[in-house]
Ligand SMILES: C[S@@+](CC[C@H](N)C(=O)[O-])C[C@H]1O[C@@H](n2cnc3c(N)ncnc32)[C@H](O)[C@@H]1O
């Protein structure tokens, strides 16, 4: 499977795990059934799957507003290309001053184009917000960031997600995971990728053990199939939350290397688990479901 990358980056982005995730899930897309992602993040999983119907939510209003803009045509390849060319020229001329000008502007007006600019010009590709919800990642110190080839790459990524959405019935919405899970119907499939407990905590990622335990309780009562991504083990320790809350599910494991993070401690090899409701794991020798069989070739 050739995985494509969306225009927005975020901590915990599953780009490298998309083939692992999609190849292990068995879901037959019935009429009216939806792919539901309550922790959308960059959207890399759903964009590569491209189901006919989807409910895609996140508490981060900027992510949702960005994809809604693409869906409505307010942002497209040429708008992004022109915008990044203009802002990139100013960045080259004024350096960090321009970056911080855009950051202040974004924190006042929340423009999706400014969000994209900051996401691609900030330090280490981080997405982090202070306690008042203000984007607070510093500049990456690369005034020459927006070379024409880089702009073209981002514009193509915008165009790709626009094409993946086109003709499909996808709803993007700002919501807490609980509001989203209540909407799940028996034929839907829910893919969950919650924040890591105690990691990357910020305004949109206040995730702790109590919240993680609530998620497990509610998820296990869903009327439909579901799969949960979660780290299993790193060089220091095992994730005891899996044993405590998710041990009755089918578990598949994949080794993964994280490179997004400000500190060395946030990088390195990690074992990722995909926990699937019994009965919804693909038999990888004979995958009957249409989309995944195609994706795994
Ligand atoms: C690990 S990231 C998802 C990454 C995504 N699967 C990807 O590959 O890009 C977790 C996401 O959950 C969102 N989030 C955090 N707390 C949430 C909550 N209580 N309800 C819904 N979304 C939440 C964050 O804003 C973040 O985008």
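Every number in this text was worked out from the coordinates using simple rules, so none of it is lab data. Because the structure is a prediction, the values reported are computed rather than measured. A quick note on method: Cβ atoms are made from the backbone with ideal geometry, for glycine too, and the neighbour counts reach across all protein chains shown.
Return the single residue from 64, 154, 182 with maximal mean-square fluctuation; model: Gaussian network over the chain, springs between Cα atoms under 10 Å.
In the Gaussian network model the winner is 182.
Suppose only helical runs count, i.e. DSSP H with n ≥ 4. What mean residue ellipticity at 222 nm does that imply for the chain under -39500 (n - 2.57) per run, divided by all residues and rounded to the nearest 500 deg cm²/dmol?
Helices in the chain give a 222 nm mean residue ellipticity of -11500 deg cm²/dmol.
With equal scatterers on the alpha carbons only and no solvent term, can you work out the Debye log10 of I(q)/I(0) for region 30-132 at 0.18, 0.23, 0.24, 0.25 1/Å?
Those come out to -0.96, -1.35, -1.41, -1.47, one per q.
What nm value, rounded to one decimal, do you get for the distance between residue 269 and residue 241 when each label is placed 7 Å out toward the C-beta?
Between residue 269 and residue 241, the simple spin-label model gives 2.4 nm.
Of 179, 272, 29, which has the largest mean-square fluctuation in a 10 Å C-alpha GNM of the chain?
Sorting by GNM fluctuation, first place goes to 179.
Compute from the Cα atoms of region 72-161 the Rg and the Dmax, the latter being the longest Cα-Cα distance, and quote both in angstrom.
12.5, 35
Given the chain, what percent of its DSSP beta bridges are antiparallel, to the nearest 5?
55
In whole percent, what relative contact order does region 120-176 give with Cα contacts below 8 Å and a gap of six or more residues?
Reported relative contact order: 24 percent.
Given 37 °C and 0.692 mPa s, how large is the Stokes-Einstein diffusion coefficient of the chain in µm²/s, with Rh as the Kirkwood radius over Cα pairs?
165
For region 1-70, what does the relative contact order come out to in percent, with C-alpha contacts under 8 Å and a separation of six or more?
It comes to 33 percent, rounded to a whole number.
Please list the equivalent ellipsoid semi-axes of region 121-237, computed as the square roots of five times the alpha-carbon gyration tensor eigenvalues, in descending order and whole angstrom.
Equivalent-ellipsoid dimensions as semi-axes: 31, 23, 14 Å.
Tell me, 123, 146, 129 in order of fewest to most beta-carbon neighbours within 10 Å?
Fewest to most other Cβ atoms nearby, the residues stand as 123, 129, 146.
So how far, in whole Å, is the C-alpha centre of region 88-129 from the one of region 1-33?
Spelled out, the Cα-based centre of one part sits 28 Å from the other.
Can you give the FRET efficiency for residue 79 and residue 30, using 1/(1 + (r/R0)^6), R0 = 51 Å, r = Cβ-Cβ distance, to the nearest 0.05?
Plugging the Cβ-Cβ distance into 1/(1 + (r/R0)^6) gives 0.90.
Could you state the principal axis extents of the C-alpha atoms in region 134-197, from the largest down, to the nearest angstrom?
50, 35, 18
With an 8 Å cut-off on Cα pairs and a minimum separation of 6 or more residues, tell me the relative contact order of the chain in percent.
Computed value for the chain: 27 percent relative contact order.
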